[in-house]
Ligand code: UDP
Ligand code: MG
């Protein structure tokens, strides 16, 4: 009987200090399983020698591969590159910083063998994560769940297994502003959630700065919902209604001779409504921007080099 194959995909951006340990721990786990395997590191334009490291770890095991992207495309696009080129019967994605323990893989496989198509994980908060990270992450999941129809459990991570049939569907999708955890949830199929404690990052520091986190959150919300546009319309309607109610008051004041000459109230109104209008315009602009980016049909990533034979000349997947 032919053994089934597991692919492991690891987006890595300046993770040179983690690769040896991760590869060693990963291989130790994969070797205990009755499957063939491949591990694909996606170097997302690192500047710390990650790619040189990846080129040299081939001695560790025959099934270690790399995809080198032409620049930093961001975590989600690097993940997409890995998903597109992995050819296992299932694909496991994990971070390159040891926060996702490879020892959980047998649990994923067990569920996969029970015929689940997606086994995903939800992070339970550990003490090491900063209060800021916990609270901001909490707020993000609350917002996305109230604004979008695709519900995400709190702490959903990009540490998951997807079956080949899910990977096939994913690779046909060509959308900018990827938000993989939402997209996978949106696809449906039979999904199973595992709760886990994230470990602390082994080496290096988090690549998600506050700026990147805000960008990611906006991407997550706007990729899955146009509800902010409806909310903007709602705000507009609400204030128009207020204005309609206010007009009789002005008229009455005029005819009864109580015209107040207060510039402060006028100024306050102008400033306030100016703000509301700008906000609403901003929301519309955000969606227009997304449409603009999508209309250019640029690929999510570009590959510079790889030791995966199957990629050949197909360096851009559209
Ligand atoms: N990552 C990437 N490209 C980026 C930023 C991050 O490939 O532009 C990778 C990073 O190397 C890691 C994973 O995405 O494997 C998650 O990033 P990180 O650990 O910095 O995020 P955090 O765990 O702090 O949310
Ligand atoms: Mg991390």
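Since every read-out is calculated from the coordinates, none of them should be taken as a lab result. Given the structure is predicted, the values throughout are model-derived calculations rather than measurements. Glycine gets a Cβ as well: all are built from the backbone with ideal geometry, and neighbour counts include every protein chain shown.
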**OP:** Tell me the label-point distance for the pair residue 230, residue 168, using the 7 Å Cα-to-Cβ offset, in nm and rounded to one decimal.
**Re:** 3.4 nm
Subject >> Efficiency of FRET from Cβ geometry, residue 186 and residue 20, R₀ 51 Å, rounded to 0.05 >> reply: 0.90
Original post:
Using the 10 angstrom Cβ neighbour count as an exposure proxy, how do 61, 43, 97 rank, fewest first?
Top reply: 61, 97, 43
Subject >> Whole-number percent relative contact order across the chain, with pairs defined as alpha carbons under 8 Å at least 6 apart >> reply: 22 percent
Original post:
Antiparallel as a % of all DSSP beta bridges within the chain, to the nearest 5?
Top reply: 30 percent
Original post:
residue 89 to residue 294: FRET efficiency via 1/(1 + (r/R0)^6), r the Cβ-Cβ distance, R0 45 Å, to the nearest 0.05?
Top reply: 0.90
**OP:** Under 1.5 on a/c is rounded, so check that first for the range 27-183, then, if it is not, pick prolate when a/b is larger than b/c and oblate when it is not; a ≥ b ≥ c are the square roots of the alpha carbon gyration tensor eigenvalues.
**Re:** rounded
**OP:** Let me have the 222 nm mean residue ellipticity of the chain computed from DSSP H runs of 4+ only, each contributing -39500 (n - 2.57), with the sum over all residues rounded to the nearest 500.
**Re:** -15500 deg cm²/dmol
Original post:
R0 = 30 Å: FRET efficiency of residue 114 with residue 310, Cβ-based, nearest 0.05?
Top reply: 0.50
Original post:
Which residue fluctuates the most in the chain, going by a Gaussian network model with Cα springs under 10 Å, if the choices are 244, 218, 184?
Top reply: 244
**OP:** Among 3, 290, rank each residue by its count of other Cβ atoms within 10 Å, from fewest to most, as a rough exposure measure.
**Re:** 3, 290
**OP:** Would you kindly state how much longer the chain becomes between residue 279 and residue 103 on full extension, computed as 0.36 nm times their sequence separation minus their alpha carbon distance, in nm to one decimal?
**Re:** 58.7 nm
Original post:
So how much slack lies between residue 3 and residue 213, counting 0.36 nm per residue of separation and subtracting their Cα-Cα distance, in nm?
Top reply: 71.6 nm
Subject >> Residue among 284, 27, 19 with the largest mean-square fluctuation in a Gaussian network model of the chain, springs linking Cα atoms under 10 Å >> reply: 284
Subject >> Prolate/oblate/rounded call for the range 104-183, Cα gyration tensor, a/c under 1.5 rounded >> reply: oblate
Original post:
Most fluctuating residue of 34, 228, 299 in a GNM of the chain with Cα springs under 10 Å: which is it?
Top reply: 34
**OP:** Along Cα→Cβ, 7 Å out, is where each label goes; now give me the distance between the ones at residue 145 and residue 302 in nm to one decimal.
**Re:** 4.1 nm
Original post:
If one computes the Cα centroid of the range 69-114 and of the range 123-172, what distance in Å separates the two points?
Top reply: 15 Å
Original post:
Taking neighbour counts of Cβ atoms within 10 Å as a proxy for exposure, in what order, fewest first, do 71, 55, 123, 160 appear?
Top reply: 71, 55, 123, 160
Original post:
Between residue 264 and residue 194, how many nm apart are label points set 7 Å from Cα along the C-beta direction?
Top reply: 6.3 nm
